[in-house]
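Scroll down for the structure; my scribbles are underneath it.
Readers should treat all values here as calculations from the given coordinates under stated rules, not as data from a laboratory. In this text the structure is predicted, and so the values were computed from the model without any measurement. Ideal geometry is used to build each Cβ from the backbone, glycine not excepted, and the neighbour counts take in all protein chains shown.
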Amino acid sequence: MSAIDETFQSLRQADRKAFIPFVTAGDPDLEFTADILPRLADAGAAICEVGIPYSDPIADGPVIQASYTRALDRKIKLNEIIDMLARATPRTSCPVVTMVSYAIVHRYGARQFVADVKSAGVAGAIVPDLLVDEAEEFKQICDAADFSLIQLVSPATPRDRAVRIAANSSGFLYYVSVMGITGERRELPPQLLEDVSWLRSRAQLPVCIGFGISTAEHVRQLAPVADGLIVGSAIVRRVEALADRPREECLGQLSDYVREMVAAFG
Amino acid sequence: MSFPVNVPDAAGRFGSFGGRYVPETLSQALSQLDEEYRRAQADPNFQRKYESLLKTYVGRPSPLYFASRLTEQAGGAQIYLKREDLNHTGSHKINNTLGQALLTRRMGKQRVIAETGAGQHGVATATACARFGFECVVYMGEEDIRRQQPNVFNMKLLGAEVRSVSSGSRTLRDAINEAMRDWMASVDNTHYIIGSVVGPHPFPMMVRDFQSVIGRETISYCQDQLGKLPDCVVACVGGGSNAAGMFAPFVEHNLENNTGVRLFGVEAGGRSQQPGDHAAPLSFGSPGVLHGSFSYVMQNEDGQTEDVHSVSAGLDYPGVGPEHSYWKDAGHVTYTQCQDGAALAAFGTLAAAEGILPALESSHAVAKGMELAAGMSREETLIICLSGRGDKDAAEIARLRSESKGQ
């Protein structure tokens, strides 16, 4: 059983849901990322998702794209990110997963990537550009290392395919709430609640919803049908806005935001 | 290692290259496109409509022109030019956009998006959309908008909206990223007419098929008029659509009949062989994932796409179509490169010798073609794919010339 499985098991026993914040590694710098992860966990995050900056992120909206560009402009290297994670994960009281393009995984070597991030304390990966059809080999590598491969289902995914994706995922299933790229949305599609309920009734794994979520109202609306909610752009935007403020103020404000969102689960 | 003749396979693999590396949101649309394309291929009515458009709207077949004065200057093989520059809209790009526009109509979609580098694909897409009554949005890097102004104006005249892309290197690569992002949100009613043999399956196969009219016409002209196949064929390679269209029928012919026509793909050698100074992944890159497929690419050791450079916007791209990677490793095609200076010189040479202004992209093939011809005998023939005309480049060339005079 992986760290993520254990997290969801204890959440279920307590009848609670997972709040999963996303931060970009190295934005504004690696020390900040190392410091924010324990604070997010302390504020109530069930899992932290760390985005590994990529030069051509086609699934990402302007906010996350810009954070990747800022990090890469500072010449941040993958081995520095892995070292940072190795420092941060022992101090972080919840599992950490990475969001990483397959372009990066392939270049690094899939087996080596899984081995190195796992020994840095990372529990799993979301590889947004690796379809279930292309993932067979990588899935085997992840399984052998007891490393969760969190796959995505979108509103465009036919139901039989969604069931197949669920069967090939581990940790949790990432349900993309909207057609399109990451980024905050005022309103979420009405069909969403029904689709996630259906998937949750069929999948063995916990189902978490991501893309577009930013407000406590979204949390109240979606919490009943999901096992967890993922918030990215709303956090990355706050990091950007607060980057020039004293570190402690920035860390504190982000913790407050996470507490507010976690409280909205009720 | 053995190399299958019929590529790609059902998963879009050319040997180990190709595939489909995209977000799940696009997966269904790509599968539908693949199915629809296969149905269209088997539908004589679709083929008839496509061929009729090529004949009456594009003006095909394009001529194979004997360039006698260029031949004399090169001093070797007889040089022929495959005149894709004479197509409607001035390049080979229209062969693909009309095919995909017919598919768009079959799929019942009303909106089309595209990316463009040099603007040739943008103009060809805007043209096809006007012809079929589709809404058209073209993504173009800010830097390319600057250096290809005439095409930007043409796209607007044809009713397309040109969206400037200011992220990253502000060139073709970033335009593809933005088009993909648009498509993620609009895939229900929008078709993405990708302009080269790049991207996720089925695009590399489909674009190659629509462009392969270039190679088929060339082979039949040579057999009918010259009584023999050429000895050598040269085409420029950015994403590689004109080269794929020219080479695919020759690769097949070579394999089936053991004919040994030598095929040369010419990448953008830019300023130098230093990383960042060229756009030649087949020459200097290594296999990796970019824009939905596995192919040779310019990446750093972390898998981040590297900046590239070419004087020609249409070749200024860090990746290349997966079938070219396959052909390279299988030895079916030889890939080489030509630097900015040689391409600019070839532009001038062809203009003066033959009264033809070639696109800067095609000028790379002209330069390498003349070099190769010089090393061949007068009994041999060499064909250069003149993929587009150079009117769009005139202002940029004038600027570059005055810059170099000023130094």
Cα centroid distance between the range B:160-209 and the range B:103-154, in Å?
10
A:TRP198 versus B:GLU135: modelled label distance in nm, points set 7 Å from Cα along the beta carbon direction:
2.7
Using only helices, what value at 222 nm comes out for chain B when you add -39,500 (n - 2.57) per DSSP H run of length 4 or more and divide by the total residues, to the nearest 500 deg cm²/dmol?
-14000 deg cm²/dmol
Applying a 10 Å radius around every beta-carbon, put B:75-82, B:256-263 in order of their mean neighbour count, most first.
B:75-82, B:256-263
Longer than 29 Å from Cα to Cα, which of B:LYS49/B:LYS109; B:LYS82/B:LYS405; A:LYS17/A:LYS75 are they? Say none if no pair is.
B:LYS82/B:LYS405; A:LYS17/A:LYS75
By counting other Cβ atoms within 10 Å of each Cβ, how are A:ASP42, B:ASP144 ranked from fewest to most?
A:ASP42, B:ASP144
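From the P(r) of the range B:45-128, can you give the percent of Cα pairs sitting at distances over 20 Å?
46
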Scattering profile of the range A:151-266 at q = 0.11, 0.12 Å⁻¹ [log10 I(q)/I(0), Debye over alpha-carbon scatterers]
-0.39, -0.46
Residue-normalised 222 nm signal for chain A, counting each DSSP H run of n ≥ 4 as -39,500 (n - 2.57), nearest 500 deg cm²/dmol, is -14500 deg cm²/dmol
Give the aspartates and glutamates whose C-alpha is closer than 14 Å to that of B:LYS156, dropping any in the same chain fewer than 8 places away, or say none.
B:GLU135
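May I ask you to derive the FRET efficiency for B:SER68 and B:THR334 from their Cβ-Cβ distance with R0 = 41 Å, giving the value to the nearest 0.05?
Calculated value: 0.95.
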Counting other beta carbons within 10 Å of each Cβ, put B:THR171, B:THR190 in order, fewest first.
B:THR190, B:THR171
Other protein chain Cβ atoms within 10 Å, averaged over every residue that makes up B:280-293:
2
Where a Cα-Cα gap under 18 Å defines reach, which aspartates and glutamates qualify for B:LYS228, not counting those fewer than 8 residues away within the same chain?
B:GLU217, B:GLU252, B:GLU256, B:GLU379, B:GLU380
Hydrodynamic radius of the range B:180-226 per Kirkwood, over alpha carbon pairs, in Å
12.8
Among A:ALA167, A:MET84, A:SER201 - extreme Cα towards positive end, dipole of the range A:3-263, charges at beta-carbon
A:SER201
Sum of side-chain charges, A:ARG161 neighbourhood, beta-carbon under 10 Å (Lys, Arg +1; Asp, Glu -1):
-1
Positive dipole terminus of the range A:3-263, leading residue within A:LEU131, A:TYR108, A:VAL231 (C-beta point charges):
A:VAL231
Note: A:98-107 gets an average of partner chain Cβ contacts (10 Å, Cβ to Cβ) equal to 5
Just to check I understand the Karplus step: with θ = phi - 60° and J = 6.51 cos²θ - 1.76 cosθ + 1.60, what whole-Hz values come out for the range A:127-142, glycine and proline as x?
10, x, 10, 10, 5, 4, 5, 9, 9, 3, 5, 5, 4, 4, 4, 5
About its Cα centre, how strong a charge dipole does the protein assembly as shown have in debye, to the nearest 20, once Lys and Arg get +1 and Asp and Glu get -1 at the Cβ?
1220
State the dimensionless ratio Rg/Rh of the range A:121-216 (Rg: radius of gyration of Cα atoms; Rh: Kirkwood radius).
0.97
For Cα pairs less than 8 Å apart in space and 6+ apart in sequence, what is the mean separation divided by the residue count of chain B, i.e. the relative contact order in percent?
21
Please state the shape class of the range A:3-263: rounded when a/c is under 1.5, otherwise prolate if a/b exceeds b/c and oblate if not, all from the C-alpha gyration tensor.
rounded
If a cysteine in the protein assembly as shown has no other Cys Cβ under 4.7 Å from its own Cβ, put it on the list, ordered by number.
A:CYS48, A:CYS94, A:CYS142, A:CYS208, A:CYS250, B:CYS222, B:CYS232, B:CYS236, B:CYS338, B:CYS385
Rounded to the nearest 0.05, FRET efficiency between A:SER93 and A:ALA115 (Cβ-Cβ, R0 25 Å) equals 0.55
Separation between Cα centres of the range B:234-254 and the range A:137-159, rounded to whole Å:
37
What does the charge dipole of the range A:1-45 about its Cα centre add up to, to the nearest 20 debye, if the Cβ of each Lys and Arg holds +1 and the Cβ of each Asp and Glu holds -1?
320
Within a 10 angstrom radius of the beta carbon, how do B:SER167, A:SER10 rank from fewest other beta carbons to most?
A:SER10, B:SER167
Could you work out how far apart the two model spin labels at B:SER220 and B:ASP188 are, taking each label as a point 7 Å from the Cα in the direction of the beta carbon, and quote it in nm?
4.4
Separation of the B:GLU379 and A:ALA216 label points, Cα + 7 Å toward Cβ, nm:
8.9
In a Gaussian network model over chain B where Cα atoms closer than 10 Å are linked, find which of B:LEU26, B:LEU344, B:LEU226 has the largest mean-square fluctuation.
B:LEU226
Explain nothing, just compute: Karplus ³J(HN,Hα) = 6.51 cos²θ - 1.76 cosθ + 1.60, θ = phi - 60°, for every residue of the range B:376-389 in order, whole Hz, x for Gly and Pro.
10, 8, 5, 7, 8, 10, 10, 10, 10, 7, 8, 5, x, 9
Under the classification rounded if a/c is under 1.5, otherwise prolate if a/b is larger than b/c and oblate if not, where does the range B:284-350 fall, given a ≥ b ≥ c as square roots of the Cα gyration tensor eigenvalues?
oblate
Would you mind working out the magnitude of the charge dipole of the range A:3-263 relative to its Cα centre, with +1 at each Lys and Arg C-beta and -1 at each Asp and Glu C-beta, to the nearest 20 Debye?
220
By the Cα gyration tensor axes a ≥ b ≥ c (a/c under 1.5 gives rounded; else a/b larger than b/c gives prolate, otherwise oblate), the shape of chain B is rounded
If amide H atoms are modeled at 1.01 Å from N in the peptide plane, then the residues at a separation of 5 or more from A:THR182, or on another chain, having amide H under 5 Å from its own are A:ASP60, A:GLY61
Dipole of the protein assembly as shown [Lys/Arg +1, Asp/Glu -1 at C-beta], most positive-end residue of A:VAL23, B:SER169, B:MET155
B:MET155
The range A:1-20 and the range B:1-75 have their Cα centres apart by a whole-number Å value of 50
Could you list, bin by bin from short to long, the percent of Cα-Cα pairs of the protein assembly as shown in 20 Å steps?
19, 49, 26, 6, 0
